[in-house]
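The structure is given below, and queries will be raised subsequently.
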Amino acid sequence: MNVLLAEVAQAAQRLADAGVPSPRFDAEELAAYVHGVKRGELHSVADSEFDARYWEAVARREAREPLQHITGRAFFRYLELQVGPGVFVPRPETESVVGWAIDAVRAMDVAEPLIVDLCTGSGAIALALAQEVPRSRVHAVELSEKALEWARKNIEGSKVQLEHGDALAAFPELNGQVDLVISNPPYIPLTEWEYVQPEARDHDPELALFSGEDGLDTIRGIERTAHRAAAAGRRRRDRARGLAGGPGSVDLQGGRRLGRRRRPPRPEQPAPLHDCPQGDAMMSVAGAGPGVRGSSPGRRQHDCPQGDAMMARVNCTHGAAAAHSLEVS
Ligand SMILES: C[S@@+](CC[C@H](N)C(=O)[O-])C[C@H]1O[C@@H](n2cnc3c(N)ncnc32)[C@H](O)[C@@H]1O
């Protein structure tokens with residue numbers, strides 16, 4: 001074993017003792033970052049090249065500073081994002097939300113889908129959708145000026161249109177035109193503060209985490225934004241006026257929808273979406289957990305027993321949807 005791998009093993013033990021949830025991974029990631037190699041190349045670092053700054057990085061992680069703040073980068077789907085103090089570190093759980101959103105947009109079969117990311121933070125969701133949904137037009141909004149600075153860095157050179165502002169009042173010019181609204185907003189009840197993991201509580205911005213007594217303040221507002229932005233509302237009005245698309249043209253819930261179809265209609269498929277039988281705040285946990293999952297008895301947030309895609313509904317009973325499909329019927 002070379003020196004670096006031996007140090008990594010020791011560091012992993014120290015991180016485990018400090019309660020870091022993924023000690024081995026973090027120890028390796030820090031070693032790779034300090035030595036400028038990929039994790040899979042750690043064995044190739046010569047003993048003479050061992051860099052003692054590794055132990056400084058390990059000490060910071062031991063003090064529960066987020067790994068991504070130490071390395072300055074976060075990986076999200078196919079992206080490498082710049083992150084640091086002042087911006088929420090994108091979570092792996094949110095990658096699934098983006099996956100569901102991509103499926104929802106594909107099912108809509110719209111030529112140039114118009115997508116809005118509310119509360120964009122580092123820009124992770126907006127950028128991933130811009131990258132992975134061909135011909136999409138993606139708009140993003142963020143309230144925090146500090147977070148916006150990070151988003152600007154990440155979004156530079158992409159096709160995402162970034163705005164500074166309140167998601168609750170955002171994009172009036174897009175009313176009735178948006179095919180998909182997606183959001184990973186703040187959603188932790190203020191009363192849950194003590195249960196949040198130190199990486200999130202002490203390093204993610206408060207505005208990114210907490211949202212009123214029950215955690216749902218921002219979500220309630222976002223739902224209103226989603227309803228006014230939704231193209232489905234326009235389509236419904238057009239249907240009422242007899243302007244709807246041709247036969248066989250259906251939305252996610254089986255309602256008829258307007259044109260912009262590129263491929264021949266497919267047979268209607270049952271939507272993989274469902275209302276959550278357990279009530280409120282499903283998405284708060286499923287969307288992107290900043291470390292509160294299952295941490296507090298009696299909390300209203302929960303994992304949905306029916307699995308995925310819960311959140312892709314505007315008309316869910318709890319008004320909490322991280323990836324609202326706006327094909328409402
Ligand atoms: C949980 S973070 C998620 C960031 C990013 N969407 C992600 O998934 O990585 C929530 C973000 O919402 C922003 N935010 C909170 N309230 C907002 C509002 N009313 N309008 C716009 N952004 C808001 C916060 O500053 C923070 O960046």
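With N residues in the stretch 3-63, what two-decimal value do you get for its Cα radius of gyration over 2.2 N^0.38 Å?
Rg over 2.2 N^0.38 Å, computed on Cα atoms: 1.00.
Sticking with this structure for a sec: Between Leu168 and Ala18, take the C-beta separation as r, use R0 = 41 Å, and let me know the FRET efficiency to the nearest 0.05.
0.55
Computed from the coordinates by the stated procedures, all read-outs in this text should not be read as laboratory data. Worth saying up front: this structure is predicted, and the values here are computed from it rather than measured. Using ideal geometry, Cβ is built from the backbone for each residue, glycine included, and neighbour counts are taken over all protein chains shown.
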